[in-house]
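The values are calculated or read from the model by the stated rules, or taken from the named source; none is laboratory data. Bear in mind that the values here come from a model prediction, so they are computed numbers and not experimental data. Cβ: placed from backbone, ideal geometry, glycine included. Neighbour counts: every protein chain shown.
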């Protein structure tokens, strides 16, 4: 039996509906003799009606306006099918120790609602996509960085437009700290940048790691080589640099194992260089092709084998790069439980080809060290990811969940990834990431995302008019929830996406589409300069010191080979007519 309260509510609803219908019918009846009339004239005609007397007047008009708007809306379908393409979304905020939660506003069946984007599994990877100005950084990346630092993540941030994200990270580090240390690397801001050796001998455990470092660096400097891997001259250049790095790693406990020393060592004349390298048995198989070509006087082939490395790395032979790459202020083992770190590395859009190659080497070495079990949770944020070459990002995404490494890749469009990595690798990245968030995208990217977002049941209405009759039919079809045309017309800050969950926190609605909502951000904080920033003299002295160290190393090694009978068989005979200038000099006292 209905309760008295239910009767009262029902009676009120009936009364309101009756009044609204009365006004609605009388308003349209007036249109006959008077055609379209203004509101004041209509009120004049109905001024004596009981319904407009005393307190009923204003509520009656409001109810009538609401009813007419609703009826008019129901008979006029949206031009762009927005209602049919709306769907229910997650309205509850779900959290866990690693989650990232972002607020949204969305529309479902014509009603505005508030929702949450709950990234419960950041360790399954996050791909953020959108054209410039779509709101990727402001609405997604910046809140993500702040929340992850607040929850105690160690972090690496690749800041393409330095120092936009770096200042945010520094402010959050000061606010949330959690026992970590902050480090910054930027090749144009040496007053704030610390030094770091990406090929530190302690991190090169075997020859394969030296080969991987060489491959990443050379392919980053020569992006067209990515599709030529396996080519004779490409692999020769990689093997040449690998041999130099491993030789320096094994020499005197790795005292000279830095990239600047390797660049200087490769400028040594062939006779001395090959003789010295032969003293290290582990790289014999790498240098044999070069020595064979030298013995047989096939100099064009030899120059082709080594020129790829020499010419490419010559772009790095500048004092400020040598200064950063030859120091060791901190290590890349950022999620070690004993020494957790937060590291920002900045690029420069004007010098991205050179700086991006070195930063790619840093990223490659860092990921190898952090993607290990029994470490602290670690977040890797790559702004403008296609400006880096990261060989093995698919392996990172496949294994990061078990090692608690949360990788966030930011791209503008899938065509960027295809250009730099190839179609197959780009498709792998899109398919491996468990969380995808996108702003405005067009073309093939929009079609791929639309397919990934799936389909929903949508109503279709058809009307058939004959001479004597008219019929209306309704049907339901599975159509794309977010068609490519919708993705191409998203506004700034309007995001779509699909999220992953976990068994303990299942998401009822994994798909979302709405306007992101951001709270005001605290003022940014300037990153302070170092206590003792390097002077121009310090930078140049370091540059000259590296050159002198390699020169002395070569002279000492050649003297040892010439004096010890057991080593003289390693000497590669000088090609007739070649002048080895370093042999004409004596080591300074």
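What is the one condition in (1) buried (at least 23 other Cβ atoms within 10 Å of the Cβ); (2) over 20 Å from residue 402 (Cα atoms) that residue 87 does not satisfy?
The failed condition is (1).
Evaluate region 188-202: report whether one residue or more is buried (at least 23 other Cβ atoms within 10 Å of the Cβ), in contact (Cβ under 8 Å) with a residue 40 or more places away in the chain and part of a strand (DSSP E or B).
Looking for residues that are buried (at least 23 other Cβ atoms within 10 Å of the Cβ), in contact (Cβ under 8 Å) with a residue 40 or more places away in the chain and part of a strand (DSSP E or B), one finds none in region 188-202, hence no.
Can you find even one residue in region 91-107 that is surrounded by 13 or more Cβ atoms within 10 Å (Cβ to Cβ), more than 30 Å from residue 379 (Cα to Cα) and either touching a helix residue (DSSP H, G or I) at 6+ places or on another chain (Cβ under 6 Å) or modelled with pLDDT of 90 or more (or both)?
So far as region 91-107 goes, yes, one or more of its residues are surrounded by 13 or more Cβ atoms within 10 Å (Cβ to Cβ), more than 30 Å from residue 379 (Cα to Cα) and either touching a helix residue (DSSP H, G or I) at 6+ places or on another chain (Cβ under 6 Å) or modelled with pLDDT of 90 or more (or both).
Is it true that some residue in region 306-323 is farther than 27 Å from residue 224 by Cα and crowded, with 20+ Cβ neighbours inside 10 Å?
Yes: one or more hits.
All but one of (1) within 24 Å of residue 541 (Cα to Cα); (2) free of Cβ contacts under 8 Å to residues at least 60 places away in the same chain hold for residue 336; which doesn't?
(1)
Quickly run through region 213-227 and pick out the residues that are more than 16 Å from residue 313 (Cα to Cα) and either touching a helix residue (DSSP H, G or I) at 6+ places or on another chain (Cβ under 7 Å) or surrounded by 21 or more Cβ atoms within 10 Å (Cβ to Cβ) (or both).
The one that is more than 16 Å from residue 313 (Cα to Cα) and either touching a helix residue (DSSP H, G or I) at 6+ places or on another chain (Cβ under 7 Å) or surrounded by 21 or more Cβ atoms within 10 Å (Cβ to Cβ) (or both): 226.
Evaluate the following for residue 352: is it surrounded by fewer than 16 Cβ atoms within 10 Å (Cβ to Cβ) and farther than 29 Å from residue 419 by Cα? It would help to see each step written out before you state the result.
On the way: surrounded by fewer than 16 Cβ atoms within 10 Å (Cβ to Cβ): yes; farther than 29 Å from residue 419 by Cα: no.
So residue 352 fails the test.
Run down 270, 256 and say which single residue is closer than 17 Å to residue 236 by Cβ and touching a helix residue (DSSP H, G or I) at 6+ places or on another chain (Cβ under 9 Å).
Values: 256 fails: closer than 17 Å to residue 236 by Cβ.
Unique residue meeting the criteria: 270.
Here is a list: 128, 169. Which entry is in the same structural domain as residue 388 (by the TED database), crowded, with 23+ Cβ neighbours inside 10 Å and under 16 Å from residue 343 (Cα atoms)?
Details: 128 fails: under 16 Å from residue 343 (Cα atoms).
From the options 128, 169, the qualifying one is 169.
Considering each of 439, 454, 443 in turn, give the residue that is touching a helix residue (DSSP H, G or I) at 6+ places or on another chain (Cβ under 8 Å), surrounded by fewer than 19 Cβ atoms within 10 Å (Cβ to Cβ) and touching a residue at least 24 places away in the same chain (Cβ under 8 Å).
Working: 439 fails: surrounded by fewer than 19 Cβ atoms within 10 Å (Cβ to Cβ); 454 fails: touching a helix residue (DSSP H, G or I) at 6+ places or on another chain (Cβ under 8 Å).
From the options 439, 454, 443, the qualifying one is 443.
Name the one entry in 548, 586 that is exposed (fewer than 11 other Cβ atoms within 10 Å of the Cβ) and either at pLDDT below 80 or within 50 Å of the chain's Cα centre (by Cα) (or both). Show your work before the answer.
Working: 548 fails: exposed (fewer than 11 other Cβ atoms within 10 Å of the Cβ).
Result: 586 is the single residue among 548, 586 that is exposed (fewer than 11 other Cβ atoms within 10 Å of the Cβ) and either at pLDDT below 80 or within 50 Å of the chain's Cα centre (by Cα) (or both).
Given the conditions (1) touching a strand residue (DSSP E or B) at 6+ places or on another chain (Cβ under 6 Å); (2) in the same structural domain as residue 338 (by the TED database); (3) at pLDDT 95 or above, and given that residue 162 satisfies all but one, which numbered condition is not satisfied?
Every condition holds for residue 162 apart from (3).
When you look at residue 524, is it under 23 Å from the mean Cα position of the chain (by Cα), in a loop (DSSP other than H, G, I, E, B) and surrounded by fewer than 12 Cβ atoms within 10 Å (Cβ to Cβ), yes or no?
Numbers: under 23 Å from the mean Cα position of the chain (by Cα): yes; in a loop (DSSP other than H, G, I, E, B): yes; surrounded by fewer than 12 Cβ atoms within 10 Å (Cβ to Cβ): no.
No.
Among the candidates 260, 269, single out the residue that is more than 40 Å from the chain's Cα centre (by Cα) and either under 28 Å from residue 362 (Cβ atoms) or surrounded by fewer than 22 Cβ atoms within 10 Å (Cβ to Cβ) (or both). Let's see the steps before the verdict.
Numbers: 260 fails: more than 40 Å from the chain's Cα centre (by Cα).
That would be 269, the only listed residue that is more than 40 Å from the chain's Cα centre (by Cα) and either under 28 Å from residue 362 (Cβ atoms) or surrounded by fewer than 22 Cβ atoms within 10 Å (Cβ to Cβ) (or both).
Run down 546, 527 and say which single residue is in contact with a strand residue (DSSP E or B) (Cβ under 9 Å, 6 or more places away or on another chain), over 19 Å from residue 140 (Cα atoms) and not assigned by the TED database to the domain that holds residue 163.
Details: 546 fails: in contact with a strand residue (DSSP E or B) (Cβ under 9 Å, 6 or more places away or on another chain).
Step by step, each of 546, 527 is checked, and only 527 is in contact with a strand residue (DSSP E or B) (Cβ under 9 Å, 6 or more places away or on another chain), over 19 Å from residue 140 (Cα atoms) and not assigned by the TED database to the domain that holds residue 163.
Looking only at region 503-516, decide whether some residue is within 30 Å of residue 401 (Cβ to Cβ), assigned to a strand (DSSP E or B) and free of Cβ contacts under 8 Å to residues at least 40 places away in the same chain.
no
Go through region 131-147 and report how many residues are touching a strand residue (DSSP E or B) at 6+ places or on another chain (Cβ under 9 Å) and either in a helix (DSSP H, G or I) or not assigned by the TED database to the domain that holds residue 344 (or both). Even if it seems obvious, please write down each step before you answer.
Here is the first cut: in region 131-147, the residues touching a strand residue (DSSP E or B) at 6+ places or on another chain (Cβ under 9 Å) are 134-141, 143-145, 147.
Cutting the leftovers down to either in a helix (DSSP H, G or I) or not assigned by the TED database to the domain that holds residue 344 (or both) gives us 136-141, 143-145, 147.
Selection size over region 131-147: 10.
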